[in-house]
Structure formats: structure tokens, C-alpha cells
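Structure first, commentary second.
The values are calculated or read from the model by the stated rules, or taken from the named source; none is laboratory data. Treat the numbers as computed from the prediction; the structure is a model and nothing was measured. Here Cβ is always computed from backbone atoms with ideal geometry, including for glycine, and neighbour counts include all displayed protein chains.
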């Protein structure tokens, strides 16, 4: 059950952190329709995060609710994949194309994952996944449409889309690398071994990139930071990118500055 | 003595917050020499801030040291002028010219202030001011030289310099508006009434702008936020700009996340 | 001919019926409506900024979700209000240019900063509250698409208002620091909220014609009084003090007496020197400019696709 | 003629005397030195980023001041190292272009992220420590300006190293969370620090010629051993565990035995796929590009001023 709580944190943190990144776009999107769409996606992910964090806290049984987990953990206690935390714009680390590239990869992967989790032996995970499947299908479709528009729009938008994909691609390998927690839970039918999703997700991405007349990026994946056992460690182990600390600082500041407050 | 502690906070916070803003440039300056120069200025201001905050804490007598004051106050408890907190770059709110424009105004004002504070009847303020005078003369000179280079450089740099001055100008009135604390302390020879500095500072600025063939900006000063007594309130009363909360969040996050830690 | 059309228009308006996009209407009516609805749309869009300022820092996930949904609603309101102007022949891009060039206004209330999370609650309670007072009568306005948009907007706004008030209630039951934040926010937003109804009737232009056209239905001072009367008991229940020493119940009038807003400040802020005017417009301009290449790409792609389809 | 110059050059170098900028030197020596010093300068400049990452968040004002001063020193080191390359005829702008185009390297250690404030201390202790091991012998290198730059750099680096170690000492006396941060940072930085001495001697090229030229004075493995021997007692005193199960004292050799770094990882990171390679170079490129107009303005202004002065 320690594993199950950790697994809920992993999936919950992915959603929480990407939701936070997407909400940075609020009032900054290229058009009003997109302000509405990105806020909608951020809201759906936030909803998934709240259910998963709440569930993680319940299993843990130490009295931590969704807010204790979101606002009072240190950076290294977050278990999200690095793809979700990278600044893909509107900050200096990206732009709208980079945001779309990340959303395309993330939602394609999480949709495939959620479709399989619907048959998880854990009923809560299965229920969360069932709800998420519809939301993620919309997200993937939204990202795919923009990928095609930008890839097959103007010469400039095509350049931006290629640069955006190059920027996020190094973070894709992590999505398909099983963490020991995932391996153990997959063996008992609770979790999904993400390695088994790769060919399906690759197929989806190839279809979208094909429709956008874009090539699959050739940039390699990032070398991971090595821990004391010599094994590579990533977001699932609490090892994040430098940008993540700033995201957490902003997200947690009010909650941490006003101890004992109720909201 | 409540007034004196507050006055030390005001001047200390000005220096602390501008130092924080300037240190954002670190590794981002237009040339290495400027990386060194801006870090140097940030360091000098940080040094002034540390002496003044320490002094404020001592007078207060509640056991707060410089770190308690810097890291554990809420946003509305900071007493710095808004000019020091505005994002003038490298963030999206400005660029190098805006940074220089702010530094020119700030250092000209604070130099004039410090020159007068050297004869304060409070010996600590006098000593801090005496040390600061040399540092501020360098800062003002540095800013003046860049104002001239950018104002009388290329057509583009001239445009940027004009835009930078326009951006910071609305915050200048606050520098010369006496807060009741300043008025009371000036009456007893401890503080300086900032209104009495205006013509001297205006003269300096006019000289620099003249040498750069730039006109004095015509943009008006900002309307202040009105408090319950109907009087306008600014940074000296703890009313700040929206950008300030983000600065504080970043600055305080580690200190607040690790209670009881010693550094 | 024109006279006949004018008579029919006058009859419809006087009978409290609706003018629809294809109906004949006087040019002044069309122009005034476009300006009024555009200003309202601009206000929704600019209004996203002061509240959006707190989304990434909202101190609980529930409040983050509520706030994100609210700001999303504002974008939605902006969208259908711009759509309403388009039924009058206006062009959204043109109106946006007018906004970012400062040639059209938005509600001046959004030129004040949001300085703590309590501001989110107070904006919901007072600013949305004042907006509702202004807008409810417009649900019966003479122009059909505008009236229908206002019905939807008002419904969502009152939902937002309740959420804002509920946040303040929760904060007032919290820590001393939270109560201080609420009172401080009320102190800062009360007078600007009163100014949302516009200058006093004796200093207000255009009211008469707008009244006749049924695109304005109460005077500024009437609405302001209504808002004060509505807010006082809410403030009591909340446990906050409204920052007006002249505020008291006048049994004779059956209304609250209250002080005079600082109209000098009002005009300064309207004219551009408010604490955030430059910031709000610069933010909007930057977002619009930064997004230009995306909108161009979407247009280019749509054209390519259309060309392909017509070739097939 | 050239042969005679070469003989004189060889004599000076062999006699441990200094070659100065105006002295004759072989082209290979000049080229190798430029590359080596430039790489060192680039490392100082790129090295500002991982530590600079913590300036705005430093958890005490004293640590903020120390860190800011340290990063400023790194900019200073970069400046005088670039100046040393200029005495060899190199051009700083050209070298900067080579850095941001990926045609010249910097120390690969800076391709790892700094993930907590403890990293600032560990970089001081281990990374600056390893740098000092590498650089102290270069204070006696054959090229005068380089040797003199290294003397100054080494002096400041050992100051930085002591400050880093002192931060870690303070953190280890602090809370459990602080001790965890220190151990975690040591776990992450230990192996990359060992890699700073370069590949094992049997896989290292150019060493022999550089040794003869006295621009390299010990082999990679010698320096690595020295660093390990120096660090083990420091780690003991600190109370942290070095993440190498094979690490133990070998009384026979009078040195510590230790495990083999993961050279595959080393080469991957050198070749560009480290956690931060792309980020570090993009940051440098952006700063350089964003500053172009400022440098152009300074040049334009200087030209105007010169023209005025010559006209006067």
C-alpha cells in the first residue's frame, strides 16, 4: 500500500504540475478561444490531481489531505515526470508551439495509460482513469489539431513547431521507463508498466506528425542524474529540473506563509 | 524608537529589494564586465540592507535578526518604495535600458539622501550612510555612463533608453513624498525629509539626460491605492505592485520551507 | 422610407421588444451599442488579469480550481460579447486594436492591483456585485443579442459573487492574519467599487438618449444607492467595516447615506494614471502581439485546407 | 631561423621559465593553449549558471552575499582568462561564438543541475576542490599570462572551497532535512567530480605533448587519486558517506582504492546529452544575443565620442 500511495502521487503530481504550467498561460494565450481551451485543460488536470492526491493521502493514513500534499512537500518529494514541469512558455523557456508539443506528447501518453488503468484492480484508480479518458481524448485532439495547424501553417510556425518538439523530446524517454513501484504494481494488475505503452503512443505521435508533415525529432533523451546506487534517477524519484524549484516556490508561497490559515 | 526602527526598515528594504532585482541579471548581462558590475552593485546594496535590517531588529527588541526580517515578513510588511521592486528586466517587464533607468533614478536619489544622512543624529544611520555614499557615487556614475551610451549610441538603443525612462518615471514621485515617519524623524534631525531632495536630484538627472541628449519623460506619476483613511498609500505603507509578491515568493521560499534550519 | 423604419424601431423599443441584427436601426444606436458592448467585452478580458494574478499562487487546490474556472468564464464572456458586437457589423480584431491602443476603455476598476488572496474574494463580492447591479437591467435591453448575452453573463456573475463572498467568510473564520487581509482588501476596493457606476448623474453625459434606447435603464446614482444598500448588511454579516465614516442608515429615505467618492481620483484613473493602467494594457498588447504568428498560422492552414478541398 | 627559435623555446620551457606573449612559440603550442584557456574561461562563465540558480533564493542574507560574490568572481575569472587568450591572438567574440555554437567545450560538470541549496556547498567543496587539484600545477605552467591568471584564480577558488565546506558543516549541524540535502547533493556530485579529471590515462590523448610543453603537469589518474585522498577525510569530518562501496584505504599503496566512474555516462554528457547541456548553452546564447544591441550601442557611442574628440 506504500506503493499504491506513491503511484497515486506520481500520477497526481504529473497532473498537478502540468496544470500549474498551463495556468501560467491564463490571459496570455494567442486568442481568447485558446485562453478558454487551455484553462479548461488545466482545470481537468487539476481535477485529476485532486482525486489522486486525496487518494494518496488516504492510503498513507497520516492525515495529509490534497493541500498538505500539494503545498507542504519539498521539491524532492514530488514524483511527477520532468516533462510536466519544464517551462514550455509563456515563460522564456518556450512559446505556444512548445506548449502544444508538450501537451501532444503528455496527453497521448496519459490517454494510453488511462485507457489501460480503467481495468486496474484498484477501483479508485479505475474510476479516476475512466473519467480522465474523456478529458484526455479532448486534450490530445486539441494538441494534435494545433500541431497540424502550426506544422502546416506558415513557414515561421513550422519552424517554431519543430523547435518546440525538439525542446520536449528529450523528456519523452522518462515517460516510458518503469519505476520499481510501477513494475511491482503492474505485476499485480494495479498499475501499468509504461514501457508497454510505447509503441501505441509512438504510433499516435507518428500519425499526428505525419498529418503535420513533420519528422519525428532526432534529439536524444537526456542523461539522468545518478544516485548513490549508481542508477539513473528522474522525476519519479524526486529528481527534477532546475526550473521546478521556482514553480514550487510560486505555487506554495501563500500556503506556506500563512500557517494555520483555512481557505 | 518605533519610528526609527520603521525608518531603518524603509531604507533597508529599498536596498534589499533592489539588490534582489539586480541579482536576477546574474549570468544574463549584456557583457561579462557588466555581469561583474551589476553583481557588485547588488552586493553593495545587500550590505547596506543587512546593516539597516539588523539595526531595525535591534531597536525593535523582539529578537528578529536580519534574516527574520527578510524572510519571514509578509508582503505588506515590507516598506520599500515601489521603484525598487518593479521588474525592469531581465524579466518580461523590462530590459537592460530599463534597468539602467531605474538605477540612475534610484542611485541619484539615494546618494543625495545618504549624503544628508551622514549628519543624522542617529550614529548608526550616519555610519551606514557614510559607507553608502561611496558605493552610491559609483552606482550613479555607472548608471549615468550607460544612460549616455545608450541614449547617444544607436537609434535602437536610444529608443530603448527612452522607453526605459518612461517605464520607471511614474514611480519617481514616491521617492520624494514624505511618509509621516520620515517627517517626524526629520524634525528631530534623525531622518531626511525626501521632499527636500527633489531639486538636487532633478538637477543631477537633468545633467545626465542632457549629456545623453534625452528629454525628461513626460509621463505622469501613478495614482496611489487609497487606504481606509482616504489617503494614498504606497510602498512605504506596505502597498506594493503585483510583481512584488512573486519576488517575495522566490526570495523566501527555501527559508520558509525549512523551518528551524540554520544557514 | 427611413422615417417609417425609424418609427417602427421606436415602437419596438418603446414596447420593450427586441431589435435583432437584421432589423433596421439608427446609426447612433448601432455605434453607441458597439462602443458599450465592446467596452464591456474589454472589461471582461482585462478583468482576467487582476484575478489571474493569483491562480498560480492560490493557497488551496479547491480555490485554485474555482479561480481558474472563474477567469475562464471571463474569457468566455468576452467571447460572446465580442460576438454580439459582430452582429452589429463590428470586427473583433479592430476592437482589440482599439483596446490596446487606448482608444477604447474598459472598466476602470481593473486599474487597481490585487495585493493578497483576499482581493480575489473582495472582487467577487464587491466588484462582481457592482457589475451585477449594472448588468441585471441590461438583460431587458432593447438589442436582442446583447440582452441574451447579459442573461448568461449575469447568471455566471452571481455564481462568482457567491463564491467570492464564501471565500471571505472562510477567511474571516480563519487566522488573525486572514481577517486583516480581508479588511485591508475591503478598504482598498470599496471606493473604486462605488465608482464603477460612473460619475454622479449631474456630471454624466449621454444618459438620456441611452435610456430612451433602453440600453441603459437606471441612472448611475440609482444603481450606486442600490449597491450600497445591498452591501451594508453583507459587510455586517462578514464582520468587516466599510471604510466610509459617513455611512449610516437613513430611515426617512429608506436608504443608506454614504460619503462622496473621490471623483478626482476617478478621473485620474480613467485618464490613464491609475496604479495599473499601463500594466494592464501592456499585458494585453504583449499577449496579442506574441500570439500574432499563431493566428496567422491558423489562417494560413485553413486556407491551405480549403484550397485542397476545392481542388479535390 | 625557426629551428633556432624552437631551440630557445624548448630551453625556456624545460628550464621552467616563462614564455611571454611577444616570445616566439610553435603554432601547435599557441593553438593548444588558446583551446585550453578558452575552455577554462568558458567553464567559469557556464559555471555561473548552476550556482547563480540559487542567488535569488539563498535562505540567509549572509549566504546570499557569499554566493553573489562567488559568482561574481567566476565572471572575473572568465574575464582574465579570455584576456590571456587575447595575448595569444585570440578574439573573445570569436571564442564566445564557438562556445554558443557548441564548437568549444566547457567543463562537463556544469551539465548537471543544482537541486537544493546544499548543492551550492557541495560545488564549493568538491567541484572547486577538484578544480584546484587541476589548476594548482598550472600556476607553474610555461605560458606567463596563463600562469599568472591561474595564481589569482586558485587563490580565490580555495577561498570558495572553504566557504562551501563551511556551508556544509553548518547544514550538517542543522535539521534532519538539511543533513538529508547535504547527503543527497554529495551522492549526486561525487562521481561527476571524479570525472572532472578527464578519462583514464590509457584513454587520454594529447597528454604527452602537453606535459612536454608544461601546460599539463600531472596525468588525469594522478590528480584523481590526489583528489580522492584529500576528500575522504573531509567527508568523514563532515559526516557524509561518499557513494562508492569500493572506496577504502589501501595501506600498501598509501592511497585510497576507489571504484570506476561510469565512463559511458561521462561520454554521453560530454557529447551533449547531459541533463543540462542544452539548457546551459541556450542560456548563454540568449544572454549574448539579448545583449547584442547594448554592445553595439557602446561601440557606436565610443566611435561618436572619438570622432568628436578628433574633430575638436
Item to check | Every residue from the stretch C:248-269 that is touching a helix residue (DSSP H, G or I) at 6+ places or on another chain (Cβ under 6 Å) and either facing another protein chain (nearest Cβ under 7 Å) or surrounded by 18 or more Cβ atoms within 10 Å (Cβ to Cβ) (or both) | outcome: C:256, C:258, C:261, C:266, C:269
Next on the checklist: Quick check on this structure: which one of B:36, B:17 is within 13 Å of chain D (Cβ to nearest Cβ), surrounded by fewer than 22 Cβ atoms within 10 Å (Cβ to Cβ) and under 23 Å from residue B:134 (Cβ atoms)?
Outcome noted: B:36
Checklist outcome for this item: Exception for residue B:208 within (1) touching a residue at least 60 places away in the same chain (Cβ under 8 Å); (2) over 30 Å from residue B:155 (Cβ atoms); (3) more than 14 Å from chain A (Cβ to nearest Cβ); (4) part of a helix (DSSP H, G or I) falls at (2)
Checklist outcome for this item: Note: among D:165, D:146, just one is within 30 Å of residue D:9 (Cα to Cα) and within 19 Å of the chain's Cα centre (by Cα), namely D:146
Item to check | Flag for residue A:249 being within 14 Å of chain B (Cβ to nearest Cβ) and in a helix (DSSP H, G or I) | outcome: yes
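Does residue A:243 satisfy the condition of being out of contact with any helix residue (DSSP H, G or I) (no Cβ under 6 Å at 6 or more places or on another chain), within 14 Å of chain B (Cβ to nearest Cβ) and not in a loop (DSSP other than H, G, I, E, B)?
So residue A:243 fits the description; yes.
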Item to check | Flag for residue C:224 being within 18 Å of residue C:135 (Cα to Cα), assigned to a helix (DSSP H, G or I) and modelled with pLDDT of 95 or more | outcome: yes
Checklist entry - Filter the stretch A:224-238 for residues that are crowded, with 21+ Cβ neighbours inside 10 Å and closer than 23 Å to residue A:65 by Cα; which is nearest to the other protein chains (Cβ to nearest Cβ)? => result A:235
Next on the checklist: Looking at residue C:75 and the list (1) part of a helix (DSSP H, G or I); (2) touching a helix residue (DSSP H, G or I) at 6+ places or on another chain (Cβ under 9 Å); (3) farther than 19 Å from residue C:150 by Cβ, which single condition is not satisfied?
Outcome noted: (3)
Next on the checklist: Here are the criteria: (1) more than 14 Å from every other protein chain (Cβ to nearest Cβ); (2) part of a loop (DSSP other than H, G, I, E, B); (3) surrounded by fewer than 20 Cβ atoms within 10 Å (Cβ to Cβ). Tell me which single one residue C:35 does not satisfy.
Outcome noted: (2)
Checklist entry - Here are some conditions: (1) modelled with pLDDT of 95 or more; (2) out of contact with any helix residue (DSSP H, G or I) (no Cβ under 7 Å at 6 or more places or on another chain). Residue C:51 meets all but one. Which one does it not meet? => result (2)
Checklist entry - Only one of (1) assigned to a helix (DSSP H, G or I); (2) more than 8 Å from every other protein chain (Cβ to nearest Cβ); (3) closer than 30 Å to residue C:181 by Cβ fails for residue C:289. Which number is that? => result (3)
Item to check | Exclusive hit being modelled with pLDDT of 95 or more and at negative phi, set C:179, C:217 | outcome: C:179
Item to check | Condition check for residue A:184: assigned to a helix (DSSP H, G or I), within 14 Å of chain C (Cβ to nearest Cβ), in contact with a helix residue (DSSP H, G or I) (Cβ under 8 Å, 6 or more places away or on another chain) and modelled with pLDDT of 95 or more | outcome: no
Checklist entry - Residue check: is residue A:128 part of a helix (DSSP H, G or I), over 16 Å from the mean Cα position of the chain (by Cα) and touching a residue at least 60 places away in the same chain (Cβ under 8 Å)? => result no
Checklist entry - If a residue has to be over 17 Å from residue C:54 (Cα atoms) and either within 14 Å of the chain's Cα centre (by Cα) or within 7 Å of chain C (Cβ to nearest Cβ) (or both) to count, how many in the stretch A:41-57 make the cut? => result 8
Item to check | Matching option when the condition is touching a helix residue (DSSP H, G or I) at 6+ places or on another chain (Cβ under 6 Å), outside any helix (DSSP H, G or I), without any contact (Cβ under 8 Å) to a residue 60 or more places away in the chain and within 14 Å of chain A (Cβ to nearest Cβ), among B:261, B:178 | outcome: B:261
Next on the checklist: Looking at D:278, D:235 in this structure, which one is within 30 Å of residue A:224 (Cα to Cα), at the interface with another protein chain (Cβ under 8 Å from one of its Cβ atoms) and touching a helix residue (DSSP H, G or I) at 6+ places or on another chain (Cβ under 8 Å)?
Outcome noted: D:278
Checklist entry - Applying the selection to the stretch C:61-88, what residues are within 24 Å of residue C:188 (Cα to Cα) and without any contact (Cβ under 8 Å) to a residue 60 or more places away in the chain? => result C:64, C:67, C:68, C:71, C:74
Checklist entry - Of the numbered conditions (1) touching a strand residue (DSSP E or B) at 6+ places or on another chain (Cβ under 9 Å); (2) under 21 Å from residue A:239 (Cβ atoms); (3) buried (at least 23 other Cβ atoms within 10 Å of the Cβ), residue D:185 satisfies every one except a single condition; which is it? => result (1)
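One residue is enough: does the stretch D:193-212 have a residue meeting the conditions in contact with a strand residue (DSSP E or B) (Cβ under 6 Å, 6 or more places away or on another chain) and either at negative phi or within 14 Å of chain A (Cβ to nearest Cβ) (or both)?
no
Specify which of the listed residues (A:221, A:213) is touching a residue at least 40 places away in the same chain (Cβ under 8 Å), surrounded by fewer than 20 Cβ atoms within 10 Å (Cβ to Cβ), part of a loop (DSSP other than H, G, I, E, B) and more than 9 Å from every other protein chain (Cβ to nearest Cβ).
Criteria check complete, one pass: A:213.
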Item to check | Candidates C:138, C:95, C:167, filtered to the one that is touching a helix residue (DSSP H, G or I) at 6+ places or on another chain (Cβ under 8 Å), surrounded by 21 or more Cβ atoms within 10 Å (Cβ to Cβ) and modelled with pLDDT under 95 | outcome: C:138
Checklist entry - How many of the residues in the stretch B:72-91 are more than 23 Å from residue B:260 (Cα to Cα) and not in a helix (DSSP H, G or I)? => result 10
Checklist entry - Quick check, is residue C:263 touching a residue at least 12 places away in the same chain (Cβ under 8 Å) and touching a strand residue (DSSP E or B) at 6+ places or on another chain (Cβ under 7 Å)? => result no
